[in-house]
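One structure below.
The values are calculated or read from the model by the stated rules, or taken from the named source; none is laboratory data. Please read these numbers as outputs of a predicted model, since none were measured by experiment. All Cβ positions, glycine included, derive from the backbone under ideal geometry; neighbour counts span all protein chains shown.
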Amino acid sequence: MDWNTYLDQNQARFDAELMEFLRIPSVSTAPERADDVRRAADWVRRRLRAAGMPFVELLETTKHPVVFGRWVTGDSKPTLLLYGHYDVQPAEPLDLWESDPFQPDERDGKLFARGSADMKANLSTLIQAIEAIAKTSGALPVNLLVLCEGEEEIGSPNLPDIVRQRKDQLKADFALSADGGMQDASRPSLSVGLKGIAGCQINLRSGETDLHSGSYGAAVPNANQLLVQLGATFHNHDNSVAIEGFYDDVRPLTDQEQAAIAAIDASDSDFLEESGTFELWGEPGFSALERRWTRPTVDFNGIWGGFQGQGAKTVTPCEAHLKLTCRLVPNQDPRTILGLIERHIEKHTPDGARVTIDRMKGSAHPFSLDMNAPALKVAAAALQEVYGAEPLYVRSGGTVPITGVFKQELGLDTVTIGFARPGSRAHAPNEWFVLSDLAVARRSYATFLTKLGEI
């Protein structure tokens, strides 16, 4: 029996395994879900062992464990480092879900569940592809190392240290991340760029206590108003970032990179419909696709202060808070950007305000992959065989922090092969994954591993 037949015969079992995985509410940011996150880590560990991986263990961290696996099949074979994550975003707001986020629901050819697109479907199908090859061939075509973390959704605070501590155990020729997606159903795509991330929380105080707005509101500063005033200084009237020096290190795209982006059939009107917003916004002179993939951003992720309950409370608040993150592009350094933000805040803090800044843990450098990298060519050949079409080369506005770490610490290029579709609502209510893409994903991963072993 070949691995294609094995995949066909075990499809129902494989799909059921994914349902089991999705039922585990492995929300890494929620302390009350710590046991569930560990349960998901153990699910991955056990599933790798069942696939045939001889050595798998959980590496403890200060928060959630890392699944580390090793499968050496031959000194002459290339070694591939596989990366994935088993944690998911919070499901809130729950009232916007059409079904229980942790009870997978099949509707209209899609599987709705938190973590389906990001990235439990990709991770489970990758493990199942490994099993199919191992069970039918008796050996893998490559040596495998596995790092699967439970903290990607909180910025991977612990995995970089594990990579540094275990450099000798993580020597590889290539890395594969399964944390990604496809551009559409008929044309495969490969990611050659991911944005970095840096963020902070701004805490502003205008006094020692909240005050009666009637007695004091006309004569004392209001923390909410001061914070809004400060926040308004981060962007110019044309929506470009107003932080001095913010764009200084942005690397221009090469001709090859520009040509790859130009080959993508993506209109602003289609993106507007997909996003569900009333109109597009952003830095002038660029399409929505170019802004998403190649331009750095400053986003306000949360802002609060004063009375938050129902009804009215006539209060002049004394404190307000703003969470912001920046998505960064090649050559931008997260620490440098945070320093620029801090200087900007110092310069623009309104009179009557005192500000402190808490830097976000889990900053990450942007990652870009040379389009001539050998592993990328193998991935392109594999996807072309499965889809019958040459892949597009795409980028992402999102961040996978470990890709930069693999490059800096291990000297590894990371190829990303994932199967979430655009608009799959990762991080949002009603996240989904196309059911028919599960079989496509298994075959694509198996084909990639097979072709990589032929190098």
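For the range 404-424, the count of residues that are acidic (D, E) and buried (at least 24 other Cβ atoms within 10 Å of the Cβ) is zero. Does the range 383-390 contain at least one residue that is assigned to a helix (DSSP H, G or I), under 22 Å from A172 (Cβ atoms) and assigned by TED's automatic domain parsing to the domain that holds G74? Scanning the range 383-390 turns up at least one residue that is assigned to a helix (DSSP H, G or I), under 22 Å from A172 (Cβ atoms) and assigned by TED's automatic domain parsing to the domain that holds G74. Of the residues contained in the range 238-247, none is found to be modelled with pLDDT under 95, surrounded by 11 or more Cβ atoms within 10 Å (Cβ to Cβ) and over 30 Å from R205 (Cβ atoms). Looking at L145, L140, just one residue is touching a residue at least 40 places away in the same chain (Cβ under 8 Å), farther than 18 Å from D42 by Cα and surrounded by fewer than 24 Cβ atoms within 10 Å (Cβ to Cβ), and that residue is L140. The criterion of being of a type in the set (S, T, Y) and either under 23 Å from the mean Cα position of the chain (by Cα) or over 30 Å from T447 (Cβ atoms) (or both) does not hold for S76.
Please report, ordered by residue number, the helices (runs of 4 or more DSSP H) entirely within the range 1-95 with at least 2 residues that are among the hydrophobic types (A, V, I, L, M, F, W, C) and either under 27 Å from T403 (Cβ atoms) or outside the structural domain of K167 (by TED's automatic domain parsing) (or both).
11-22, 34-51
When we screen G309, G282, G305 for residues that are over 17 Å from G398 (Cα atoms) and surrounded by 15 or more Cβ atoms within 10 Å (Cβ to Cβ), the only hit is G305. Of all residues in the range 318-363, those that are among the small types (G, A, S) and buried (at least 16 other Cβ atoms within 10 Å of the Cβ) total 4. Number of residues in the range 161-195 that are touching a Gly at 6+ places or on another chain (Cβ under 7 Å) and either without any contact (Cβ under 8 Å) to a residue 40 or more places away in the chain or hydrophobic (A, V, I, L, M, F, W, C) (or both) equals 2. The condition (being in contact with a Phe, Trp or Tyr (Cβ under 6 Å, 6 or more places away or on another chain), without any contact (Cβ under 8 Å) to a residue 12 or more places away in the chain and of a type in the set (D, E, K, R)) is satisfied by just one residue among D100, D105: D105.
Residues in the range 200-223 that are surrounded by fewer than 19 Cβ atoms within 10 Å (Cβ to Cβ) and assigned to a helix (DSSP H, G or I): 4 in all.
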